[in-house]
Amino acid sequence: MNATPVKRARLRIGMLPLADAVPLLVARDMGFFAGQGLDVTLSLEGSWAGIRDKLAAGMLDAAQLLAPMPLAANLGADRLGVPMEAAIVLSRNGSSITVSNELFLAMGSPPPDPVAAGQALWRVIEADRVAGRPRRTFAHVFPFSAHHYLLRDWLDAAGIEPDRDVDVVVIPPPLMLEHLRSGRVDGYCVGAPWGMAAEIEGVGRRLMPTHLLRMDCADKVLGVTREWAMLNAQTHLSLIAALIEAGRWLEQADHREQAAQMLVDSRLIAAPHESLLRALTDEGDGVYAPRFVFGVGDSAKPRHEDARWFLSQMRRWDQVNGPIDVDALVQSSHRLGLYEQAESLARAPAAGDVVARCLH
Amino acid sequence: MSLLDSALSAAGHEVVGRLFDTDDILRAVDRLAPDIVLLDVDSPTRDTLESLGQISRDRPRPIVLFAQKSDSETIRRAMRAGVSAYVVDGMNPNRLQPVIEVAIARFEEFQGMRRELENAKIKLADRRDVEKAKGLLMKRRGVNEDVAYELMRKMAMDRNIRLGEIARSLIAAAELL
C-alpha cells in the first residue's frame, strides 16, 4: 500500500520587526515547522494593536504577542476581550532602557545600575522642575507589555512618579530611534536591537538592560485565540513543538551567530546590521547585553510568577480594577498542559550538539 | 489618500491634517484636536493612538481602515470580534463614503455624545436634499443617477463645500427658474 502524502496544515503567523522574533524565523528556515507538518507563512505586522485585531478576527492563525497580552484579553482590558491563550514563551529578557545623549550627560553618565541611574535621573528631573523646564518624556511599546511595567517600576523605585513627574507615551519599536533623534522623547524602554541601535547611530546611550530590573521576565509569547486553539488542537500542539525545537536550537553552540545572520538576511528589521548581529550573541556588550533566553531547560514554559507580576502591575497602574480570580485567569491564559504535551512531540537536539548556555 | 479626503469632505467632514508614520503623532493630535483619526490597519502608529485613548477618554479614538480587499467572512468576524475596524474594499470612492459614515456613527455612539443626535439630523436633512437635487439633475440633464451624483460631488469638491450645501443651492436655483 502506498503511503498517501500528508497534507500540511497552512498557517499564517504574525510578528513584529524585533530581534526576538528569531525563533519564528529559525523554525521556518531550519525546517522545524515543516518537520512538524506545518506550512507557515510569517506575516510582518506594523503594531501590537494590529496583531491583536487580526488574531481576534481570524486573519492570523497565531502571533508573536507581548507576554501580558493574553491576560489583558481575558480580562477584557484590551478593548476587544476576545479570549486568547499562550502555551509557549518565545523569549525572556532582551530589552533595555535608553536615553538621549543630552540626558545621559545631564545624568552624569551613570553606571548600568538601576539604583544609581534612578538617582541620577531623579536629580535631573528635580533640577528641571526647579528651573521650570518642561517634563521629560519616556516611551515604551504598548500598554500591556513587560517594557511598560519595567519602565514604570524603575521610575517609581527612583521616586519619580510616572504621569506626574514624567510623561509616559507609546511609540512603536521601529520609530523609537527617530523620536529619540528628533528630541520628541528623552528615553525609551524597548526590545533589542533598538537600544544598541541608538548607540550605533550616535543618538542615545543605554542606561541598563531590563534583566537587571527583573531577571528572566517573559517578554514574548506565541498567542492564539481560545476558539482557534479548540478548533485546531493538533495543529496547535505541532506549532508549539516546532517552536520548542527552535528555542533549543538557538541555545546550542554557534547557532546564535547563524540566527543573527538570518535576521540580517531576512531584511525584516530596518536597524543597523551590527545591532542585529550583536543582539543575539551578547559578545563584547558586557553588562549591557540583552541576554535573551529562548529555550534553556523549561524556560519556554509559561510561568505563573510572570503572570502574577503582570497582573499586579495592571492593578498598580489602574489598567484593571475589581476582583479577579487570579488562579482561574492564569490557568486559562497559560496552557501549561499543552506545553507539556507538545514537549513530548518535540524532537531532541541532534547528537553531538552542546548546550552552550545556562539559565541565569 | 485623496480619495479618502474627498469622500470625507463630501460627507461633510473637515480633514484637519494628514500625517505620515514618522511625524510627531502625539503633538499633532494635541495641536489639531481631531474628533477621530482614520488610519490604515498596518500603520505602526496604531499603538500610539490607542494608548492615547486609554489614558484619557476624551482623546480621539482611532478608526482603523483595512485598505486591502477582504472577504466578507473576514469582515463579519472582525465586526463580531468588536475590532474597531471597517473594511474598505479596494478603495472604491462610492463605497468608501458609506463605510466612513457608518464608522463615524459607530464612533459617536460609543462616545455617547449628545452632539450625535444633532449631527445625525443634519446628515439626514443633507441626504434628503441630496436625493431631491439628484432627481432634478437627472430630469434636467437627462443623465442617470450615478452621473448626477458624480456631477454634484465634483461641484462640491471644486468649491470645497459640503454635498448637502450644493444640493440645497441646486434646489433653490431650480425653484427660481
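The values are calculated or read from the model by the stated rules, or taken from the named source; none is laboratory data. Quick caveat: nothing in here was measured; it's all calculated off a predicted structure. Glycine also receives a Cβ, built like all others from the backbone with ideal geometry; neighbour counts cover every protein chain displayed. To get the accessible areas, we keep the full protein, side chains included, count just its heavy atoms, and leave off ligands, DNA and RNA. Shrake-Rupley method; radii C 1.70, N 1.55, O 1.52, S 1.80 Å.
Would you pick out the residues in the range A:46-65 that are crowded, with 24+ Cβ neighbours inside 10 Å and either farther than 18 Å from A:N232 by Cα or facing chain B (nearest Cβ under 7 Å) (or both)?
Across the range A:46-65, the qualifying residues are A:S47, A:W48, A:A49, A:G50, A:I51, A:R52, A:D53, A:A56, A:A57, A:L65.
Can we say A:E201 is charged (D, E, K, R) and not assigned by TED's automatic domain parsing to the domain that holds A:A57? Spell out the reasoning first.
Details: charged (D, E, K, R): yes; not assigned by TED's automatic domain parsing to the domain that holds A:A57: yes.
Answer is yes for this residue.
Read through the list (1) open to solvent by less than 10 Å² (accessible area, probe 1.4 Å); (2) without any contact (Cβ under 8 Å) to a residue 24 or more places away in the chain, then give the number of the only condition that A:E126 fails.
Exception for A:E126: condition (1).
When you check A:D20 against the structure, is it assigned to a helix (DSSP H, G or I) and in contact (Cβ under 8 Å) with a residue 40 or more places away in the chain, yes or no?
Details: assigned to a helix (DSSP H, G or I): yes; in contact (Cβ under 8 Å) with a residue 40 or more places away in the chain: yes.
Yes.
Considering (1) within 22 Å of A:I240 (Cβ to Cβ); (2) assigned to a loop (DSSP other than H, G, I, E, B); (3) open to solvent by less than 60 Å² (accessible area, probe 1.4 Å), say which one A:V330 fails and leave the rest.
(2)
For the range A:71-82, indicate whether the set of residues that are under 24 Å from A:L268 (Cα atoms), more than 10 Å from every other protein chain (Cβ to nearest Cβ) and at pLDDT below 95 is non-empty.
As a first pass, look at the range A:71-82 and keep what is under 24 Å from A:L268 (Cα atoms): none.
No; the residues of the range A:71-82 include none that is under 24 Å from A:L268 (Cα atoms), more than 10 Å from every other protein chain (Cβ to nearest Cβ) and at pLDDT below 95.
Among A:G297, A:G322, which is the only one that is at pLDDT 90 or above, farther than 21 Å from A:D29 by Cβ and assigned to a loop (DSSP other than H, G, I, E, B)?
Details: A:G322 fails: at pLDDT 90 or above.
A:G297 is the lone residue from the list that is at pLDDT 90 or above, farther than 21 Å from A:D29 by Cβ and assigned to a loop (DSSP other than H, G, I, E, B).
When the range A:260-270 is examined, which residues are found to be surrounded by fewer than 24 Cβ atoms within 10 Å (Cβ to Cβ) and not β-branched (V, I, T)?
Matches in the range A:260-270: A:A260, A:Q261, A:M262, A:D265, A:S266, A:R267, A:L268, A:A270.
Can you name the number of the only condition in (1) crowded, with 24+ Cβ neighbours inside 10 Å; (2) of a type in the set (D, E); (3) modelled with pLDDT under 95 that A:D167 fails?
Failing condition for A:D167: (1).
For A:L207, indicate whether it is aliphatic (A, V, I, L, M), open to solvent by less than 20 Å² (accessible area, probe 1.4 Å) and either in a loop (DSSP other than H, G, I, E, B) or away from every other protein chain (no Cβ under 13 Å) (or both).
yes
Could we say that A:A116 is open to solvent by 10 Å² or more (accessible area, probe 1.4 Å) and free of Cβ contacts under 8 Å to residues at least 40 places away in the same chain here? Spell out the reasoning first.
On the way: open to solvent by 10 Å² or more (accessible area, probe 1.4 Å): yes; free of Cβ contacts under 8 Å to residues at least 40 places away in the same chain: yes.
The answer is yes for A:A116.
Quick check on my filter: what residues within the range A:269-294 are outside any helix (DSSP H, G or I) and modelled with pLDDT under 90? Please lay out each step first, then the result.
So the first thing to find is which residues in the range A:269-294 are outside any helix (DSSP H, G or I), and the list is A:269-272, A:280-285, A:289-294.
Answer for the range A:269-294, where residues must be outside any helix (DSSP H, G or I) and modelled with pLDDT under 90: A:T281, A:D282, A:E283, A:G284, A:D285.
Got a sec? Which of A:A242, A:A229 is among the aliphatic types (A, V, I, L, M), within 20 Å of the chain's Cα centre (by Cα) and open to solvent by less than 30 Å² (accessible area, probe 1.4 Å)? Don't jump to the end; show me each part of the working.
Values: A:A229 fails: within 20 Å of the chain's Cα centre (by Cα).
Answer to the check: A:A242.
Is there a residue being more than 9 Å from every other protein chain (Cβ to nearest Cβ) and surrounded by fewer than 24 Cβ atoms within 10 Å (Cβ to Cβ) anywhere in the range A:18-27? Give the steps one after another, and end with the answer.
We begin by selecting, within the range A:18-27, every residue more than 9 Å from every other protein chain (Cβ to nearest Cβ); these are A:18-27.
Next cut, surrounded by fewer than 24 Cβ atoms within 10 Å (Cβ to Cβ) only: A:25.
Yes - at least one qualifying residue is present in the range A:18-27.
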